[in-house]
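*Asks:* I'd like to ask you about the structure that follows.
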Amino acid sequence: MKIGIVSDSHGNVRCFSDMLAVPGAQEAEFWLHAGDFAPDADDLEVLCERHVVRVRGNCDFSLSGVYDETVVEAAGHRIFLAHGHLF
């Protein structure tokens, strides 16, 4: 299973097109966005046509339904996702 991860997009959603052009990136079954402009994950979902799990970063404020950390289960593994500013 391939999982993509990105963070700190800071509103520069154009970078996602370049990122998805990297060989193998389109093979990711889902993506993780580790914060700093977590709403950018909506644009990533549209571009890659995959689910994007997101958490808040230190530049994300008052995002309803987006948490500072989460645990994702994939292929029998548990992945702890956080931006890292609280740890």
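*Asks:* What are the residue pairs meeting all of these: first residue in the range 61-76, first residue free of Cβ contacts under 8 Å to residues at least 12 places away in the same chain, second residue open to solvent by 90 Å² or more (accessible area, probe 1.4 Å), Cβ atoms under 7 Å, and 6 or more apart or on different chains?
*Replies:* V71/R78; V71/F80
*Asks:* Can you tell me how many residues in the range 1-27 are open to solvent by less than 80 Å² (accessible area, probe 1.4 Å), in a loop (DSSP other than H, G, I, E, B) and within 21 Å of E69 (Cα to Cα)?
*Replies:* Summing the residues that are open to solvent by less than 80 Å² (accessible area, probe 1.4 Å), in a loop (DSSP other than H, G, I, E, B) and within 21 Å of E69 (Cα to Cα) in the range 1-27 gives 4.
*Asks:* Answer yes or no as to whether F87 is touching a Ser or Thr at 6+ places or on another chain (Cβ under 6 Å) and free of Cβ contacts under 8 Å to residues at least 60 places away in the same chain.
*Replies:* Details: touching a Ser or Thr at 6+ places or on another chain (Cβ under 6 Å): no; free of Cβ contacts under 8 Å to residues at least 60 places away in the same chain: yes.
Considered against the rule, which asks whether it is touching a Ser or Thr at 6+ places or on another chain (Cβ under 6 Å) and free of Cβ contacts under 8 Å to residues at least 60 places away in the same chain, F87 comes out as no.
*Asks:* Counting only residues that are open to solvent by 50 Å² or more (accessible area, probe 1.4 Å) and either within 15 Å of L81 (Cβ to Cβ) or out of contact with any Asp or Glu (no Cβ under 8 Å at 6 or more places or on another chain) (or both), how many does the range 40-53 have? Before you say what the answer is, go through the steps one by one.
*Replies:* From the range 40-53, those open to solvent by 50 Å² or more (accessible area, probe 1.4 Å) are 42-43, 45-47, 49-51; that's our starting set.
Those still in the list that are either within 15 Å of L81 (Cβ to Cβ) or out of contact with any Asp or Glu (no Cβ under 8 Å at 6 or more places or on another chain) (or both) too: 42-43, 45-47, 49, 51.
Looking only at that region, the number is 7.
*Asks:* Could you list, in sequence order, the residues of the range 47-86 that are basic (K, R) and touching a strand residue (DSSP E or B) at 6+ places or on another chain (Cβ under 7 Å)? Before the answer, list the steps.
*Replies:* Of all residues in the range 47-86, those basic (K, R) come to 50, 54, 56, 78.
R50, R54, R78 - these are the residues of the range 47-86 that are basic (K, R) and touching a strand residue (DSSP E or B) at 6+ places or on another chain (Cβ under 7 Å).
*Asks:* Only residues that are of a type in the set (G, A, S), in contact (Cβ under 8 Å) with a residue 40 or more places away in the chain and in contact with an Asp or Glu (Cβ under 7 Å, 6 or more places away or on another chain): list them for the range 1-39, please.
*Replies:* Within the range 1-39, the first condition is being of a type in the set (G, A, S), and the residues that meet it are 4, 7, 9, 11, 17, 21, 24-25, 28, 34-35, 38.
Add one more test, that the residue is in contact (Cβ under 8 Å) with a residue 40 or more places away in the chain, and what stays is 4, 7, 34-35.
Scanning the range 1-39 gives S7, G35.
The values are calculated or read from the model by the stated rules, or taken from the named source; none is laboratory data. Being a predicted model, the structure only gives us computed values, none of them experimental. Every residue, glycine as well, gets a Cβ built from its backbone with ideal geometry; the counts of neighbours run over all protein chains shown. Side chains are part of the model used for accessible areas, which takes the heavy atoms of the whole protein and leaves out ligands, DNA and RNA. Shrake-Rupley method; radii C 1.70, N 1.55, O 1.52, S 1.80 Å.
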